[in-house]
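Heads up, the thing below is written out as structure tokens.
Every number here is computed from the coordinates shown, using simple stated rules; none is lab data. These figures come from a predicted structure and were not determined experimentally. Every residue, glycine among them, receives a Cβ derived from its backbone with ideal geometry; neighbour counts consider all protein chains shown.
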Amino acid sequence: GDSVTQMEGPVTLSEEAFLTINCTYTATGYPSLFWYVQYPGEGLQLLLKATKADDKGSNKGFEATYRKETTSFHLEKGSVQVSDSAVYFCAVIDYKLSFGAGTTVTVRA
Amino acid sequence: ETGVTQTPRHLVMGMTNKKSLKCEQHLGHNAMYWYKQSAKKPLELMFVYSLEERVENNSVPSRFSPECPNSSHLFLHLHTLQPEDSALYLCASSQYSGQETQYFGPGTRLLVL
């Protein structure tokens, strides 16, 4: 079945630092890939997605590129803010949605 | 503002109580889902409904009973729960089941005493 492996946290950064969260997946078909974000005390929000190889998803300064050759979908942001503190989940959907374990990111002022 | 709402947002119940969680989606979707999020565990898919029919039940104990009366509403009926059932219960919806993007509600934080 599908599985997702993402970088373990927690990750602590200073404001304006560069953020990368690695994510790799295994899937039997041609999955769609997602990043979801969960702010403290809230549910999951879709951050970005990509549906085919070489697609780049982007939102709120975050980007991730669907790399089929390396089965990866790494999340990046060039300059983080305190408000980006959250848990980030990588997910893959082939016939059902599978999530990574989540990476807790804390941004300090 | 989310198109998926859940009530209540917080719930405390004893092991002998019966309660229900409610989810409503305003997105015109045809598939709805229940997930369980426990501390330090990946999200677990519990149930999937497509066009009001249950299409997946991931070996969930019978003390959890889902109900989908129409494509906009999804319930999770709870009875004789255990303390280990304490978790965040998330509802999601998508246009159809399968490869469609899922949109999540804010969740119900459940504590079983």
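Scanning the range A:41-61 for residues that are in a strand (DSSP E or B) and more than 24 Å from B:Glu44 (Cβ to Cβ) yields A:Ala50, A:Lys56, A:Gly57, A:Ser58, A:Asn59.
Is at least one residue of the range A:29-48 farther than 18 Å from A:Phe99 by Cβ and touching a helix residue (DSSP H, G or I) at 6+ places or on another chain (Cβ under 8 Å)? Looking through the range A:29-48, none of the residues is farther than 18 Å from A:Phe99 by Cβ and touching a helix residue (DSSP H, G or I) at 6+ places or on another chain (Cβ under 8 Å). Applying the condition of being within 14 Å of chain B (Cβ to nearest Cβ) and touching an Asp or Glu at 6+ places or on another chain (Cβ under 9 Å) to the range A:1-17 and asking which residue is nearest to B:Thr101 (Cα to Cα) yields A:Asp2. If I filter the range B:3-29 down to residues being assigned to a loop (DSSP other than H, G, I, E, B) and over 17 Å from B:Phe75 (Cβ atoms), which single residue comes out as farthest from the other protein chains (Cβ to nearest Cβ)? Checking each candidate, the answer is B:Thr16.
Would you be able to tell me the number of residues in the range A:1-25 that are farther than 24 Å from B:Leu43 by Cβ and not in a strand (DSSP E or B)?
4
Name the single residue, out of those in the range A:62-109 being touching a strand residue (DSSP E or B) at 6+ places or on another chain (Cβ under 7 Å) and assigned to a helix (DSSP H, G or I), that is farthest from the other protein chains (Cβ to nearest Cβ). This residue is A:Val82. One residue stands out among those in the range A:28-43 that are more than 21 Å from B:Trp34 (Cβ to Cβ) and buried (at least 24 other Cβ atoms within 10 Å of the Cβ): the one that is nearest to the other protein chains (Cβ to nearest Cβ), which is A:Pro31.
With the structure loaded, tell me whether A:Thr20 is among the polar types (S, T, N, Q), touching an Asp or Glu at 6+ places or on another chain (Cβ under 7 Å) and closer than 15 Å to A:Lys77 by Cβ or whether it fails that test. Yes: the conditions hold for A:Thr20.
The combined condition, being of a type in the set (Lys, Arg), surrounded by 16 or more Cβ atoms within 10 Å (Cβ to Cβ) and either closer than 24 Å to B:Asn58 by Cα or more than 13 Å from the chain's Cα centre (by Cα) (or both), is fulfilled by A:Lys96. Filter the range B:69-113 for residues that are within 14 Å of chain A (Cβ to nearest Cβ), assigned to a loop (DSSP other than H, G, I, E, B) and within 12 Å of B:Cys23 (Cβ to Cβ) and give the result. If the condition is that a residue be within 14 Å of chain A (Cβ to nearest Cβ), assigned to a loop (DSSP other than H, G, I, E, B) and within 12 Å of B:Cys23 (Cβ to Cβ), then B:Gly105, B:Pro106, B:Gly107 are the ones that fit.
Cβ-Cβ distances below 8 Å connect the following pairs, each with a first residue in the range B:61-75 that is free of Cβ contacts under 8 Å to residues at least 40 places away in the same chain, a second residue that is assigned to a loop (DSSP other than H, G, I, E, B) and of a type in the set (Val, Ile, Thr), and a separation of six or more residues or different chains: B:Arg63/B:Thr80.
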